[in-house]
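Inspection log for the structure reproduced underneath, given as structure tokens.
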Amino acid sequence: KISGAYFRHRWWNYYERGISYADGEFFEDAISDLNEAIKQRDKDQRMARTYGMHFIDYFPHRELGVIHYLKGDPESAQSEFERSLSHHPSAKAVYYLDRVRKDLINKRAKSVPPPQLTLNYTSSEIWTKKDPVIISGTAEDEHFVSYLTISGTPVFFEGSQKKVPFRKELKLSQGMHRISVETENLAGKAVKKEILFHVDRKGPMIALDDVPMDPAHGLTREITGSVYDESGVAELVINDRKLPVKKGVDVSFTYSRPVSTDSLNILARDRLGNVSTATLSLSPDSTNRAPVLLSTLETAYDGQLFAGMFSRKKTVIPAIKLNGWTDEQTVFLEKIYLDGQVSSGRRIKSLTVNKVQILRKEGNIIFFNHFIDLKKGKNSIIVEAEDENGTIAVETFTVIRQIPKALLLDERMSMTVFPFDQKGVVSNAGLSFQDNLIDALFNQNRFKIVERDLLDLVLQEQKLSRTQLIDRKTALKLGRLVAAKSIVSGSIIESRTGIEIVSRLIDTETSEILAVEDVYDEVKDLSAMISLAQGMANKYHRDFPLADGKIIQIKNRNIFTDIGRNTIRNQRRLIIYREKPVLHPESGIKLGADHEIIGHARITQLSPEMCKA
């Protein structure tokens, strides 16, 4: 008898007995049984049906590979692992195939060079206004690329590969960023490359000197000023007249205006295409004859806030002007773009926004702009200016950042993790895996995790024990009772050589298995369980990415969206919402958009560029 049933010489009988022989180090008997199982059923697979509604995970080629590896036959082991992976991927086969490849490299190669790393840029220093910034390239090595990081963050790929293309979106703020890419092969040889990104999404800063007035006519005669931009000034146009501009970061200019002209319209463009414009009123009818600057920004960056229209007055102490802000303002943006002016009868020597120095050039009149990243909730904005006499002026206001409804965690797919089935003798460390998985999923902030207290309360009401949740029907029923859209259950298989954990994410509404993930390690201590749990949580995160798209057609109860097969998988859920723009009460500037949720859908058909739901 085996597993409580009579041995009937079927493929699953030979497979289960072969696994038992291998765990007891009866390798020849194990090889014989596994080969007999393969004669009856060749392909490795998950959920192989034995009889009736009984299923087992069936990996005879993989287990043969492990035996050959332990016996010191890496060539035979490699063949079996590669065959197993061609049938069905598993973390255990990937783990041991890398071990075998490493042993073969060390055995055959006398000297192993580092991998070839190619970045898709022609220079190691890049100026850009894009958001996000894309870094991409390829790592190649005949001895297999085993590891690749971007600024210390690993790039995921399943098992070592001879060629690893990579592409990552980087959320980089305004300023300079040094990004490193490092890769390593199985022989432990590594190579590292760096690229310097200068991110500039702001238009040039336009500064005007004091405007002299003509006593006879009440008009200005000659206008002087400067244009500053870190990426370099490319173009300056005043009253539709293009002025010659010397290449540089700080460009001074002089403009002689016709007497008949009572205003200046200034446009400055940097070499990345960011644009600032200014309008200066020179009307002799003005009672205070104070010029006005209108500063705007044209850029490819989406999701920022603009403010402008500043009056300029001479003053003894610094005067800070911020337009478009109330004392407290709610926005639906990740960052805001702040424009302002500070002026004084004395030179301004310091200008900070939230203690960050933004002054590039001293002067009596400074027109400034600055990006501010916002955290969720209240954000205090403090603008402080100091003149050469040490006189300080301060302006403060509050920005409240709210998250649009469709992006709130409460709207995400709800999930609960049930006890895993234990196969074999599972150590105390192995039993900690489930709790570590719950923590890892919660810390990702990707899924709405049903609280364990609620689960225990329903268990008491239903008079069920946690061990009864291993039964799929019971787990699905309880998942619905706690309002979880999905449940995670699985198995912990611990053997003499290592621990394999297989989990399945099941839709509680349809009972369909949406994803199957597995992890493996030879180490079975508490630290390894934390690492394995994090790895499994990351796999689920990749399986269920946050994707955004638009509805392109509605037909009866079906919608068609521009989200395709390369972004999302079948049977995934969609939140249908309508954007509700939020406008500034004074300026009318868009402060982002909240969401009105109008429905939910499930994807039923996928094409490369579109899905039906």
ask   = Pairing the Cα long axis of helix 60-70 with the longest principal axis of the chain, what angle in degrees results, from 0 to 90 and rounded to the nearest 10?
value = 90
ask   = At a 1.4 Å probe, what is the % contribution of carbon and sulfur to the accessible area of segment 6-64?
value = 48
Efficiency of FRET from Cβ geometry, Lys39 and Ser173, R₀ 45 Å, rounded to 0.05 = 0.15
key: Within straight-line cross-link reach of Lys378, aspartates and glutamates at Cα separation under 13 Å, skipping those fewer than 8 residues along the same chain   = Asp327, Glu328, Glu334
key: Under Karplus coefficients 6.51, -1.76 and 1.60, residue-wise ³J(HN,Hα) of segment 597-613 in Hz, glycine/proline x   = 7, 10, x, 9, 8, 10, 6, 10, 9, 10, 10, x, 10, 7, 9, 10, 9
query = So what's the back-of-envelope 222 nm ellipticity for the chain, counting only DSSP H runs of four-plus at -39500 (n - 2.57) apiece and dividing by all residues, rounded to 500?
reply = -6500 deg cm²/dmol
ask   = What full-extension length gain, to one decimal in nm, is calculated for Ser180 and Lys163 as 0.36 nm per residue of separation minus the Cα-Cα distance?
value = 4.2 nm
query = So for the chain: antiparallel DSSP bridges make up what percent, rounded to the nearest 5?
reply = 90
Cα-projected label distance for Ala109 with Glu451, points at 7 Å along beta-carbon direction, nm = 5.3
query = lysines within cross-link reach of Lys192: Cα-Cα under 22 Å, excluding same-chain residues under 8 positions apart?
reply = Lys102, Lys162, Lys163, Lys168, Lys171
task = Compare the peptides 38-44, 553-559 by average per-residue count of other Cβ atoms within 10 angstrom and give them in order, highest first.
result = 38-44, 553-559
ask   = Tell me, what is the per residue accessible area of the chain in Å², probe radius 1.4 Å?
value = 51
request  = Return the FRET efficiency for the residue pair Leu546, Leu464: r is the Cβ-Cβ distance, R0 is 41 Å, and the value is rounded to the nearest 0.05.
outcome  = 0.75
ask   = Remind me, relative contact order of the chain in percent, using alpha carbon pairs under 8 angstrom and six or more residues apart?
value = 7
query = Using Cα atoms only, what is the angle between the long axis of helix 526-543 and the major principal axis of the chain, expressed in degrees (0 to 90) to the nearest 10?
reply = 70
query = What size of dipole, in debye to the nearest 20, comes out for the chain about its Cα centre when the only charges are +1 on Lys and Arg C-beta atoms and -1 on Asp and Glu C-beta atoms?
reply = 1020
request  = Please identify which residues in segment 422-448 have an amide N closer than 18 Å to a label point set 7 Å out from the Cα of Lys375, following the Cα→Cβ vector.
outcome  = 445
key: Under-19-angstrom lysine pairs by C-alpha in segment 513-613, whenever the two are 8 or more apart or on separate chains   = 4
key: Asp262 paired with Glu328, simple spin-label distance in nm, labels 7 Å along Cα-to-beta-carbon   = 4.4
message = If I model a spin label at Val275 and Lys477 as a point 7 Å from the Cα along the Cα→Cβ vector, what separation in nanometres do I get?
response = 6.7
remark   = Relative to the chain, whose Cα atoms define the longest principal axis, helix 91-108 and its Cα axis are tilted in degrees, nearest 10, by 90
task = For Ser607 and Ser511, compute 0.36 nm times the residue count separating them, minus their Cα-Cα distance, and round to one decimal in nm.
result = 32.1 nm
Sequence ranges 254-267, 53-66, 514-527, ranked by mean other-Cβ count within 10 angstrom, highest first = 53-66, 514-527, 254-267
request  = May I ask you to give the percent of accessible area on segment 142-273 that is carbon plus sulfur, with a probe radius of 1.4 Å?
outcome  = 49
query = In whole angstrom, how far apart do the alpha carbon centroids of segment 106-154 and segment 526-553 sit?
reply = 24
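The values are calculated or read from the model by the stated rules, or taken from the named source; none is laboratory data. Because the structure is a prediction, the values reported are computed rather than measured. All Cβ positions, even for glycine, are placed from backbone atoms using ideal geometry, and neighbour counts span all protein chains on display. Calculation scope for accessible area: heavy atoms of the full protein, side chains included, ligands and nucleic acids excluded. Shrake-Rupley method; radii C 1.70, N 1.55, O 1.52, S 1.80 Å.
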